[in-house]
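Below is one structure, written out as structure tokens; comments come after it.
Derivation of every value follows stated rules applied to the coordinates shown; laboratory data play no part. Please read all numbers here as calculations on a predicted model, not as lab measurements. Positions of Cβ are generated from backbone atoms using ideal geometry, with glycine treated the same way; all protein chains shown enter the neighbour counts.
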Amino acid sequence: MTYLAKPKFRHPELPRNALGFTRRDYEGSVSTLCAGCGHDSISAAIIQACYELALPPHRIAKLSGIGCSSKTPTYFLGSSHGFNSVHGRMPSVLTGANMANRDLIYLGVSGDGDSASIGLGQFAHAIRRAVNMTYIVENNGVYGLTKGQFSATSDKGSKSKKGVVNSDEPIDMIGMALQLGATYVGRSFSGDKAQLVPLIKGALLHPGAAFIDCVSPCVAFNNHEGSTKSFDYVRAHNEAVNFLDVITPRAEITTDYAPGEMVDVRQHDGSIIRLKKVAEDYDPTDRIKVMNFLQEQQAKGEVVTGLLFVDPEPQDLHGALATVTAPLNELGDGDLCPGAAEIDKINAGLR
Ligand SMILES: Cc1ncc(C[n+]2csc(CCOP(=O)(O)OP(=O)(O)O)c2C)c(N)n1
Ligand code: SF4
Ligand SMILES: [Mg+2]
């Protein structure tokens with residue numbers, strides 16, 4: 001990978017967030033992706049979300065696998081912790097890091113190949129174990145980095161750039177995430193920053209497994225007629241069920257929405273996800289109804305976007321395992337090795 005650092009110069013009057021950081025403090029190196037790639041727009045949305053939430057960059061850990069999408073953490077959050085893992089293995093590395101240090105905010109970035117093909121098992125287990133993380137799949141329906149093969153999310157009947165028709169059924173990552181128990185599930189489009197930024201903000205604040213499927217057109221290999229992941233197709237078939245505002249405990253609560261059009265979901269940390277309803281009867285807290293609705297719309301070829309499901313009282317893996325609250329690197333010898341008498345007691349309890 002090549003890295004091109006951005007100049008350190010900052011205009012002195014750039015706006016600053018509650019921590020005194022400018023948006024530029026959340027940027028990374030200069031992107032080497034193709035001009036117009038949807039993935040760069042997602043990076044910009046991640047930068048904006050972290051800036052607006054005033055997250056301390058040193059408290060964020062960004063992890064990825066292999067692919068153009070998995071290269072992107074180099075292009076955002078340059079002052080955060082980062083780990084670029086092996087193809088499809090981001091979820092287990094993230095799970096391990098999270099188990100060792102629950103004090104960081106975990107952001108996993110992956111591709112449809114990375115998560116739905118080689119990494120499908122890893123994706124499934126991280127979600128079903130309720131790892132506290134934001135997991136974003138930059139979904140272009142193609143293996144971009146290796147030059148345009150169909151991926152497991154390519155729709156049946158969609159055409160490759162060379163005109164080959166895909167004969168396989170696609171894997172619907174949203175359907176899988178819902179079935180596996182994800183407690184925050186959203187879909188968006190890289191070209192819709194107004195929807196994507198608050199969706200990422202809500203996910204970062206969500207204390208459980210948050211999954212975002214973001215359709216992200218590959219302008220080099222999957223943006224032609226016949227593709228269902230092109231800019232034109234998604235714009236023509238995008239059906240938003242709601243629009244979001246995310247209100248942190250320290251922000252003022254204001255709204256332009258008429259009562260009745262609006263629903264507030266209060267999360268554990270006091271943050272509020274305010275949803276402006278677009279689809280009248282859409283209830284994002286009813287998992288079964290959401291799954292049925294999405295199946296029906298998918299059969300019509302619609303790309304349903306928005307915050308699709310949220311459980312305001314999520315379980316997370318640390319809660320399930322009753323782990324210690326301190327990060328492991330803060331434990332002393334006495335905590336880590338309780339002595340022979342304690343170990344004898346544990347062994348006796350297992351006999
Ligand atoms: C174990 C292993 N198998 C295969 C590859 C080759 N490879 C690299 S990236 C990639 C697919 C990436 O597709 P995706 O995750 O959708 O990312 P995109 O480039 O489309 O953003 C493949 C097959 C690899 N690097 N490692
Ligand atoms: S090949 Fe596709 S996914 Fe990769 S950088 Fe280019 S446009 Fe983006
Ligand atoms: Mg891809």
Set of aspartates and glutamates near K162 by C-alpha distance (under 13 Å), chain-local residues within fewer than 8 positions excluded: E225
Rounded tilt (10° steps) of 340-350 against the dominant C-alpha axis of the chain: 60 degrees
Three-way shape label, the chain, alpha-carbon gyration tensor, a/c 1.5: rounded
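Classify region 49-92 as rounded, prolate or oblate, taking a ≥ b ≥ c as the square roots of the eigenvalues of its Cα gyration tensor: rounded when a/c is under 1.5, otherwise prolate if a/b is larger than b/c and oblate if not.
Cα axes put region 49-92 in the prolate bin.
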Proximal charge balance of F231 [Cβ under 15 Å; K/R count +1, D/E count -1]: -1
Angle between the chain longest axis and helix 287-299 axis [Cα atoms, degrees, rounded to 10]: 30 degrees
Fewest-first sequence of K6, K229, K162 by Cβ atoms within 10 Å of each Cβ: K162, K6, K229
Per-residue Cβ neighbour rank within 10 angstrom, fewest leading, T325, T305, T22: T325, T22, T305
Calculated from backbone phi, Karplus (6.51, -1.76, 1.60) coupling profile of region 120-135 in Hz, x at Gly/Pro: 4, x, 5, 4, 4, 6, 5, 5, 5, 7, 6, 5, 6, 6, 10, 10
Karplus-derived HN-Hα couplings along region 34-40 (A = 6.51, B = -1.76, C = 1.60, θ = phi - 60°), whole Hz, x at Gly and Pro: 4, 4, x, 4, x, 4, 5
Charge tally in the Cβ shell below 14 Å around S43, where Lys, Arg are +1 and Asp, Glu are -1, S43 excluded: +3
Over 27 Å between alpha carbons, listed pairs K71/K276; K161/K289; K159/K300; K147/K289; K156/K289; K201/K300: K71/K276; K161/K289; K147/K289; K201/K300
Degrees, to the nearest 10: 193-205 long Cα axis against longest axis of the chain: 20 degrees
Computed helical MRE - 222 nm, the chain, DSSP H runs ≥ 4 contributing -39500 (n - 2.57), nearest 500: -8000 deg cm²/dmol
From phi via Karplus (6.51, -1.76, 1.60), per-residue ³J(HN,Hα) for region 14-31 in Hz, x at Gly/Pro: 4, x, 10, 8, 4, 8, x, 8, 8, 4, 5, 5, 9, 7, x, 6, 5, 5
Residues E138, E225, sorted so that the one with the fewest Cβ neighbours within 10 Å comes first: E225, E138
Difference of contour (0.36 nm per residue) and Cα-Cα distance, K162 to S79: 25.8 nm
Net charge dipole size for the chain [Lys, Arg +1 and Asp, Glu -1 on Cβ; Debye, nearest 20]: 960 debye
